[in-house]
Amino acid sequence: MTFQIEENDPNMSSTLPEIITSNTEPTKPLSNDTTETVPIDTKPKGSATTDNNGDNNNKNNPQQLRRLVMVTGDKGGVGKSTFARGLAQTYIDNAVKFVGLDADNSNPHLIRFYEKAANIHRLDISNSDKLDEFVDNLKELVYPKSNESGENQDEQSLILLETPSQFLPTLKILITEMGFLDVVNNKCKMQVTIVVVISTIIDCITQLIELYSFCGDWVDYVIVKNLFYGETEQFTFYDISQEIKEMEQQVKATGHDFTSINMPKLAKKSYDYLDVKNLTFRQGLEQDEYPSVFGRVLSWLNNFKGQIKPKKDLFGIEKILSE
């Protein structure tokens, strides 16, 4: 494997399989913008099945829980890393086995906070060759070969990928030039959930529309409103966007999900305390130095998990242990 783990960093090679690529064709943009966009042209195999309410039907399709969850947010500082950390803590607290890939090399929060608590790898996708290595090794990560002693390694059914800021151009290359969605669906037998963390500014909506232009209707979308930037009613650019409404209708018409959830605000003192001490959210509950930090983190985690619970299938979670 070429996913490299760097021990005690604060902040594998194999035979390369054939790269699967997708044919492409232009699609009609959602707005009056006449710029041609290029998504993949067919719905990847192994797509989600839904009931009449649009909810994921895992009983009929067990592979629905096999997930690549990509946490994105192209604007720096939007809260992408905080959400990824919260999701990692949710997996750990619910005994959900997962592999974390931290591609945010400038600010690797998953590595810094959760490397010792979970199976987290540093991922370098900084150039074209590294992208090829990532795509080629993704299947081996999901379906590992026998080790040197001949013992079979455990298959992985859930991958949490935190992407770096300004990742849209790279993601477009992955999807339009390297058939990434087909690789995940057909070679790894996984569904894709794209998590987009947004603030109240219009740039976040513009970037979401651009992302949709090449990701298309063949993934599930979870839009996360980061309440650090304002109350739910202040996300007006998102709420009133006709393009977002059209996007949601088109995604749901294909049997996939398009939903929004909230990420609660964590008080600055508590957030800074965890940051300075490099503590996971669970360690924030276990420390005895500041009762206020305990109370704030406990409330934040409960609210965070409450947002995840109704859409747990989209995050590869079969059961919340408190249920």
Inset, instruction - Inspect the range 120-134 for any residue being more than 17 Å from the chain's Cα centre (by Cα) and among the aliphatic types (A, V, I, L, M) and give the result as yes or no. - result: yes
Legend entry - Residue match in the range 37-46 (condition: at pLDDT below 95, open to solvent by 10 Å² or more (accessible area, probe 1.4 Å), under 24 Å from Thr259 (Cβ atoms) and out of contact with any helix residue (DSSP H, G or I) (no Cβ under 8 Å at 6 or more places or on another chain)): yes
Inset, instruction - Among the residues of the range 99-132, write down those that are of a type in the set (D, E, K, R), over 21 Å from Leu168 (Cβ atoms) and open to solvent by 60 Å² or more (accessible area, probe 1.4 Å). - result: Lys116
Inset, instruction - Please determine, by comparing only the residues of the range 251-265 that are polar (S, T, N, Q) and under 30 Å from Val297 (Cβ atoms), which one is surrounded by the most Cβ atoms within 10 Å (Cβ to Cβ). - result: Ser260
Inset, instruction - Quick one: in the range 199-250, of everything that is of a type in the set (A, V, I, L, M, F, W, C), open to solvent by 30 Å² or more (accessible area, probe 1.4 Å) and assigned to a loop (DSSP other than H, G, I, E, B), which residue is modelled with the highest pLDDT? - result: Ile240
Legend entry - Counted residues, the range 183-207 - those being more than 22 Å from Asn127 (Cβ to Cβ) and more than 14 Å from the chain's Cα centre (by Cα): 14
Inset, instruction - Report yes if some residue within the range 140-153 is assigned to a helix (DSSP H, G or I) and open to solvent by 60 Å² or more (accessible area, probe 1.4 Å); otherwise report no. - result: no
Inset, instruction - Determine, yes or no, whether Ile175 is over 25 Å from Thr82 (Cβ atoms) and either open to solvent by less than 20 Å² (accessible area, probe 1.4 Å) or under 16 Å from the mean Cα position of the chain (by Cα) (or both). - result: yes
Inset, instruction - Quickly run through the range 266-278 and pick out the residues that are aliphatic (A, V, I, L, M), surrounded by 15 or more Cβ atoms within 10 Å (Cβ to Cβ) and farther than 22 Å from Ile198 by Cα. - result: Leu274
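Return the residue satisfying two criteria in turn: it lies in the range 279-321 and is of a type in the set (Phe, Trp, Tyr) and in a helix (DSSP H, G or I), and of such residues it is most open to solvent (accessible area, probe 1.4 Å).
Looking at residues that are of a type in the set (Phe, Trp, Tyr) and in a helix (DSSP H, G or I), I get Phe294.
The values are calculated or read from the model by the stated rules, or taken from the named source; none is laboratory data. On a predicted model such as this, the values are computed, not experimentally measured, just so you know. No Cβ is skipped: glycine too gets one built from the backbone with ideal geometry, and neighbour counts run over all protein chains shown. These accessible areas exclude ligands, DNA and RNA; they are computed on the full protein's heavy atoms, side chains included. Shrake-Rupley method; radii C 1.70, N 1.55, O 1.52, S 1.80 Å.
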